[in-house]
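The values are calculated or read from the model by the stated rules, or taken from the named source; none is laboratory data. Predicted model, so just to flag it, every value in this text is computed and none were measured. FYI the Cβ positions are ideal-geometry reconstructions off the backbone, even for glycines, and counts take in every protein chain you see.
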Amino acid sequence: MNEWNRTELADFLDHEGIGLLYFYTPLCGTCQVASRMLQIVEELVDVAMGKMNLNFYPDLAENFAIESVPCLLIIRNGEVEEAIYAFHSVPYLLEKIKSYLG
């Protein structure tokens, strides 16, 4: 999963379809586990996906109403469909994501 900057985020939000935006902070242990889970998901699902370090973009936390990290936003046509804070497992994430793709 690639690290995005504001330009890549803007391009992503202008894109039609489903995509995933993952917010994390590097010192968060739960974020590290979630990142690994998303690496596996990325190999199994063909969907646009990027990550952003929330420490560098605090305004995005407010814009997207992010309550905590890790946070995975499921976005359709530039609008947030769902925010996931509890990642549970890879099968759980796959089921959630596929429900939007199918």
Worksheet item: Got at least one residue in the range 52-74 being charged (D, E, K, R) and under 22 Å from Leu101 (Cβ atoms)?
Response: no
Worksheet item: Only one of (1) under 24 Å from Asp14 (Cα atoms); (2) touching a Leu at 6+ places or on another chain (Cβ under 9 Å); (3) surrounded by fewer than 18 Cβ atoms within 10 Å (Cβ to Cβ); (4) not β-branched (Val, Ile, Thr) is not met by Leu44, so which one is it?
Response: (1)
Worksheet item: Do we have any residue at all in the range 7-26 that's touching a Leu at 6+ places or on another chain (Cβ under 8 Å), polar (S, T, N, Q) and touching a residue at least 12 places away in the same chain (Cβ under 8 Å)?
Response: yes
Item to complete: Search the range 69-102 for residues being outside any strand (DSSP E or B) and hydrophobic (A, V, I, L, M, F, W, C), and hand back the single one that is modelled with the lowest pLDDT.
Response: Leu101
Worksheet entry | Breaking point among (1) of a type outside the set (Asp, Glu); (2) farther than 20 Å from Glu3 by Cα; (3) outside any helix (DSSP H, G or I); (4) under 14 Å from the mean Cα position of the chain (by Cα), for Met52 | (2)
Discussion item. Could you tell me how many of the residues in the range 26-41 are surrounded by 15 or more Cβ atoms within 10 Å (Cβ to Cβ) and over 11 Å from the mean Cα position of the chain (by Cα)?
Written reply: 5
